[in-house]
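The structure appears right after this line, and notes come after that.
A short reminder: the numbers here are calculations on the coordinates, not readings from a lab. Please read all numbers here as calculations on a predicted model, not as lab measurements. FYI the Cβ positions are ideal-geometry reconstructions off the backbone, even for glycines, and counts take in every protein chain you see.
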Amino acid sequence: MLILASSSPYRRELLQRLRLPFESRSPDIDERPHAGETPLDLALRLAREKAARIAAGQPGALVIGSDQVAVFAGQSIGKPGSHEAATAQLRQFSGQTVIFQTAVCVTDGRHQLLECVPTECEFLPLTAAQIEHYLHAERPYDTAGSAKAEALGIALMARMRSDDPTALIGLPLITVCRMLRAFGLDPLQPTPLP
């Protein structure tokens, strides 16, 4: 059994691209950063904890956990949660570079693989009107850094750099495929998991 340890519709849609049967389960963990924790360490810890939480209750399952943290000026930037907070985030990002750290963990409950894929996003200089139009069109209040690059958020960007084009959306599929293969599940030659 393959399980995605996430309630995110974005991650679920991404994993569906691999055409593997899987279930989604919400890991329900505390996502607040620990004192002194770097954004990279936060993303890695949350991906690992999400996968471990679900794996603990599902012996024999292969579990994928993932988390994303936006990093601006060395600080973790979370999901805005409101229009006002999203406006403030995008004003801050205007003409600047933001790094999105997308961590993924795959575990069978005994062994785990853990990796982070950074995406460097250079934002265009944005006007207040452009920010308002984008926020009303997309309402990205549940997205780290308010940037939904899989939709109109791509228009906020001057350029992006990453080893995995799906990382910014929330689940780095190139990395996930490599990890699944290490556990004996190849998306190009799928065999049912026990």
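Between the Cα long axis of helix 39-56 and the first principal axis of the chain there is an angle of about 30°, rounded to the nearest 10.
Relative to the longest principal axis of the Cα atoms of the chain, the long axis of helix 83-93 makes an angle of roughly 80 degrees.
The stretch between Arg178 and Ala85 holds 29.8 nm of extra length on full extension. This uses 0.36 nm per residue minus the Cα-Cα distance.
Taking every alpha-carbon pair under 8 Å whose residues sit at least 6 apart, segment 2-182 reaches a relative contact order of 22 percent.
In this calculation the C-beta distance from Leu188 to Ala158 is compared with R0 = 35 Å, giving a FRET efficiency of 0.50. Summary of packing: across the peptides 15-22, 54-61, 1-8, the per-residue average of other C-beta atoms within 10 Å ranks them, highest first, as 1-8, 54-61, 15-22. Candidates (i) 19.1, 73; (ii) 16.9, 53; (iii) 19.4, 65; which is the computed Rg and Dmax of the Cα atoms in Å? Given (i) 19.1, 73; (ii) 16.9, 53; (iii) 19.4, 65, the calculated one carries the label (ii).
Only Cα pairs within less than 10 Å get springs; with that Gaussian network setup on the chain, which residue of Cys116, Cys105, Cys177 has the largest fluctuation? Taking springs between Cα atoms under 10 Å, the residue moving most is Cys177.
Spatial offset of segment 158-175 relative to segment 59-134 amounts to 11 Å, using the alpha carbon center of each.
In terms of other Cβ atoms within 10 Å, Arg181, Arg48 run from fewest to most in the order Arg181, Arg48.
Where only DSSP H runs of four or more residues are counted, the chain gives -9000 deg cm²/dmol as its mean residue ellipticity at 222 nm, each run worth -39500 (n - 2.57).
Of the trypsin sites (Lys or Arg not before Pro) found in segment 79-163, those in coil by DSSP whose Cβ has at most 14 other Cβ atoms within 10 Å are Arg110.
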